[in-house]
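Note sheet for the following structure.
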Amino acid sequence: MLGLDGGGAKASCWEQHVGAFQYLGGEKCNSYLLFYGQTALGNGLRAFLYFLGLAYCFIGLSAITARCFRSMENVVKHSRTVVEVDPHTNTEIIKQEKVWNYAIADITLLAFGTSFPQISLATIDAIRNIGNLYAGGLGPGTLLGSAAFDLFPIHAVCVVVPQAGELKKISDIGVWLVELVWSFWAYAWLYIILEVWTPKVVTIWEALLTVLMHVLLLIHAYAQDKRWPYISLPLTRGERPEAWVPAEVASVSCEDDVYGGYTEILAVEEDKNEEIVDVLSFHSEKREDPFQKEINLEDLHVLQLWKKQFVDALTLESPESRKLNNAHLRIARILWQSLLVPWRLLFAFVPPYQISHGWIAFICSLLFISGIAYTVTELTDIISCVTGINAYVIAFTALAAGTSWPDLVASKIAAERQLTADSAIANITCSNSVNIYVGIGIPWLINTAYNFITYGEPLRIENAEGLGFTLMVFFSTSVGCISVLVVRRLILGAELGGPRFWAWVTSVFFMLLWLIFVVLSSLRVSGII
């Protein structure tokens, strides 16, 4: 146990930190990760193989997020029967009421579910780092890079998703402003911790306050949605569709004598050919079969659906691909499906989302995401060790983009299918808040609590100046992004869509802001500027 007597304690702590770093930098590079004997390969080839493994993990994240999002939809669609008495006629009125509030669903299920890869990665990094007086940089770096990816590239995609001339605006501008303010405050708060209040260290009280701020965000957003007096902004709310995401019934073909009398579903919610390219898009193509009919998947037996998941996982060619006349294209699609078989077979163990309103599938999906996130952290460590690239740079770029892919696809689908821009943009702003309040708050709370109880010491932050500079760059570029959205609202009347030319101009501008953030932040943490 560390001594706590002045400089000797600090030196001992530092020696432990350096020793741990040397272990990661020496032993980790000399160990094998993908297969035995790989340490005999050159560093260049090893780095190439590790990057391929990282890309394959990101593909797995995309696939499991498809199931996670589908189960999340089922959770939000859950409604309850409410009986009201008409005061005039004294008759009972029975109606269905959604269990989940729009604002709370966006901030919790949507934002938390799509941000879970980053959150689990940061938490795993903190658990691996427990007992060290210095915080790991992989988690915070990934979450800051993810925030920039959410704000810039995802807005860039969503703004061009609507059809030419179609406008989609935020209907409840009050809730969005609340979410936006808390999102900006999250990064201002992080800067205060790192550079102002307790420079370069995090105390247990700061970590606890960070987590509690997420609770305050939920309360404030709910108060704004319900228009509580003295707390909410006096802004009118536009119309919003009844369903969180408009329901779609897959178009299916029917054949007899399949799975003990049940109908074979040739087109299920996750089309096998689009599972990775557009992981949350479960639109089915209509077929010209004269016996075609619509079948509600929830009416089928759960065990049959679960069995179908395994059959689909091992099926390499779908009915659509069999109709292709191009043999080379068919072979390419079969090879791609073969590459995905391990992930699809593994994720087939996730129960169908029809069970318990989707809660079991949602929780199981999060567990799988955590497992992949652990593999990603191991790969990132060894990539940084073999290549010599700063871990923060990898976190800002590859990890941020890969783990934020579910955020991008979720916002894209919401922008496509919803009549308004609320969920598409709320997912971005809320994900950024969740990244700090939960994604950084919980890992820091774990480490600070352990250090406080064991050593009586706070958690020290390595390269705090670099993170502070990154926050300043993020603030500057995010102001430009939000300003463009406000200008579009004032001139075009909507944040998303509009004339094709201006939609693409906006998209290119957002991507330029992201490049500025990545380049400046990477140069700063690498010590070049």
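Data overview
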{"item": "Region 111-215, relative contact order [Cα under 8 Å, separation at least 6], %", "result": "13 percent"}
{"item": "Net lengthening on full extension, SER476/SER370 (0.36 nm per residue, minus Cα-Cα)", "result": "34.9 nm"}
{"item": "ALA327/LEU303 FRET efficiency (R0 56 Å; Cβ-Cβ; nearest 0.05)", "result": "0.90"}
{"item": "Efficiency of FRET between TRP502 and ALA449 - r from beta-carbon atoms, R0 51 angstrom, step 0.05", "result": "0.55"}
{"item": "FRET efficiency estimate (nearest 0.05) - Cβ-Cβ, ILE516 to LEU167, R0 35 angstrom", "result": "0.80"}
{"item": "Segment TYR230-ILE363, extension gain: residue separation times 0.36 nm, minus the distance between their alpha carbons", "result": "44.2 nm"}
{"item": "Extended-chain gain in nm, criterion 0.36 nm per residue less alpha-carbon gap, THR91 and LEU339", "result": "83.2 nm"}
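Bear in mind these aren't lab numbers, they're just calculated from the coordinates by the rules spelled out. In this text, all values refer to a predicted model and were calculated from it rather than measured experimentally. Because the Cβ atoms are built from the backbone with ideal geometry, glycine has one as well, and the counts that use them run over all protein chains shown.
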